[in-house]
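Asks: Please find one structure pasted underneath; my questions will follow.
The values are calculated or read from the model by the stated rules, or taken from the named source; none is laboratory data. On a predicted model such as this, the values are computed, not experimentally measured, just so you know. Using ideal geometry, Cβ is built from the backbone for each residue, glycine included, and neighbour counts are taken over all protein chains shown. All accessible areas refer to the heavy atoms of the entire protein, side chains included, with ligands and DNA or RNA removed. Shrake-Rupley method; radii C 1.70, N 1.55, O 1.52, S 1.80 Å.
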Amino acid sequence: MVKVGLTGGIGAGKSEVSRLLASYGAVIVDADKIAREVVAPGTPGLAAVVAEFGDGVLTPDGSLDRPKLGGIVFSDPDKLKALNAIVHPLVGARSAELEASAGPDAVVVHDVPLLTENGLAPLYDLVVVVDAAVGTQLERLVRLRGMAEDEAKSRMAAQATREQRLAVADLVIDNDGPLEALEPQVREVWERLRSA
């Protein structure tokens, strides 16, 4: 088994890289997806978030109002730290379960947005960073995700810098260009991971 950490700043295109790797046969352990699962209605994770942030972070149907919670935590480092203290251990436990269920010859790609911020690089055999210029990230968040520029900048500022991510990279995928330029790079990374 090869354990890979995949990361990149918000808007860098990490999700597309993850999708491509999955199409080649990688086992994807998606930290964001798991983070949503562990705070689904009725879970101990959601109960802990509500205990910390109040009922105001719930939608009328009792699920987590992620945009509202994001607005709270991405503008206050202490509140972000409190949220991470609840969610990260739950995500880590579920990720370990998924990894353990992969076959011995699997390439297991852990899609971890906050890999750099949380000092997780040593947990993986290789770290792949999806890289894009700050201006490209901002433009994608505003144009493709419909974020206000201030919100996009706030979310970007809450993450590691581009330089910090590149410092932990074993392999870098440059996603500053068009989508067509991405696939050949990801295919090349996949071939390297298969032979690692």
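Asks: Quick one: length gained pulling Thr43 to Glu117 fully straight, 0.36 nm per residue minus the C-alpha distance?
Replies: On the way: separation 74, 0.36 × 74 = 26.64 nm, distance 2.60 nm.
24.0 nm is the gain from fully extending Thr43 to Glu117.
Asks: Here's something else I'd like to know. Tell me the label-point distance for the pair Arg36, Ser15, using the 7 Å Cα-to-Cβ offset, in nm and rounded to one decimal.
Replies: For Arg36 paired with Ser15, the spin-label model returns 0.8 nm.
Asks: Among DSSP beta bridges lying fully in the stretch 1-119, give the percent that are antiparallel, nearest 5. Numbers along the way, then the final one.
Replies: Numbers: 1 of 10 bridges.
Around 10 percent antiparallel, to the nearest 5.
Asks: How many lysine pairs does the chain hold where the Cα atoms are under 25 Å apart and the two sit 8 or more places apart or on different chains?
Replies: 15
Asks: Could you give the size of the charge dipole of the stretch 75-196 about its Cα centre, using +1 on the Cβ of each K and R and -1 on the Cβ of each D and E, expressed in debye and rounded to the nearest 20? All intermediate terms of the calculation are to be shown ahead of the outcome.
Replies: Values: 13 positive and 21 negative charges, 58 e Å.
Around 280 debye, computed over the stretch 75-196.
Asks: Also, quick follow-up: Need one number for the stretch 23-78: average projected area of the convex hull over its C-alpha atoms, nm². The partial results should precede the final answer.
Replies: Numbers: hull surface 21.4 nm².
The directionally averaged projection comes out at 5.4 nm².
Asks: Among Ala157, Gly42, Pro178, which residue has its Cα furthest toward the positive end of the charge dipole of the chain, with +1 on Lys/Arg Cβ and -1 on Asp/Glu Cβ?
Replies: Gly42
Asks: Given the options Leu179, Leu20, Leu171, state which has the largest fluctuation in a GNM of the chain using a 10 Å cut-off (strictly under) for Cα springs.
Replies: Of Leu179, Leu20, Leu171, the Gaussian network model singles out Leu179 as fluctuating most.
Asks: Helix 134-143 versus the longest principal axis of the chain: what angle, 0 to 90°, nearest 10, using Cα atoms?
Replies: 60
Asks: Run the paramagnetic zone check for Arg145: 7 angstrom along Cα to Cβ, then residues of the stretch 1-21 with backbone nitrogen under 12 Å.
Replies: Residues passing the 12 Å test: 8-15.
Asks: Further question on the same structure: Restricting things to Cα coordinates, could you compute the convex hull volume per residue of the chain in Å³? Present the calculation step by step, with values, prior to reporting the outcome.
Replies: Details: hull volume 23.8 nm³, N = 196.
Roughly 121 Å³ of hull volume per residue.
Asks: Further question: With axes computed from alpha carbons, what is the tilt in degrees of helix 182-194 against the longest principal axis of the chain, rounded to the nearest 10 within 0 to 90?
Replies: Taking Cα atoms only, the helix is inclined about 80 degrees.
Asks: With every protein chain present, what accessible area does Ser15 have (1.4 Å probe, heavy atoms only), rounded to the nearest 10 Å²?
Replies: Rounded to the nearest 10, that gives 80 Å².
Asks: Residues with amide H under 5 Å of Ala158's amide H, sequence separation 5 or more or different chain, H placed in the peptide plane at 1.01 Å from N; which?
Replies: Amide H neighbours of Ala158, under 5 Å, 5+ apart: none.
Asks: Quick one: if you stick a label point 7 Å off each Cα along the C-beta vector at Ala93 and Met1, how many nm between them?
Replies: A separation of 1.9 nm, rounded to one decimal place.
Asks: Cα centroid distance between the stretch 17-46 and the stretch 173-191, in Å?
Replies: Going from one Cα centre to the other spans 22 Å.
Asks: Compute the acute angle (0 to 90°) between the alpha-carbon long axis of helix 77-100 and the principal axis of greatest extent of the alpha-carbon atoms of the chain; round to the nearest 10°.
Replies: 50
Asks: With an 8 Å Cα cut-off and a minimum separation of 6 or more residues, compute the relative contact order for the chain in percent. The partial results should precede the final answer.
Replies: Numbers: 271 pairs, mean separation 74.1, N = 196.
Relative CO of the chain lands at 38 percent.
Asks: For Asp111, list long-range residues whose amide hydrogen, built 1.01 Å from N in the peptide plane, is under 5 Å from its own amide hydrogen.
Replies: Leu6, Val29, Asp30, Ala31
Asks: Oh, and also: Could you pull out every residue, at least 5 positions away or on a different chain, whose amide H is within less than 5 Å of the one on Val127? Hs are placed 1.01 Å off N in the peptide plane, and Pro or chain starts have none.
Replies: Gly5, Asp170, Leu171
Asks: Could you pull out the trypsin sites (Lys or Arg not before Pro) across the stretch 62-137 that fall in loop regions by DSSP (anything but H, G, I, E, B) with no more than 14 other Cβ atoms inside 10 Å?
Replies: Within the stretch 62-137, no trypsin sites (Lys or Arg not before Pro) qualify (loop, at most 14 other Cβ atoms within 10 Å).
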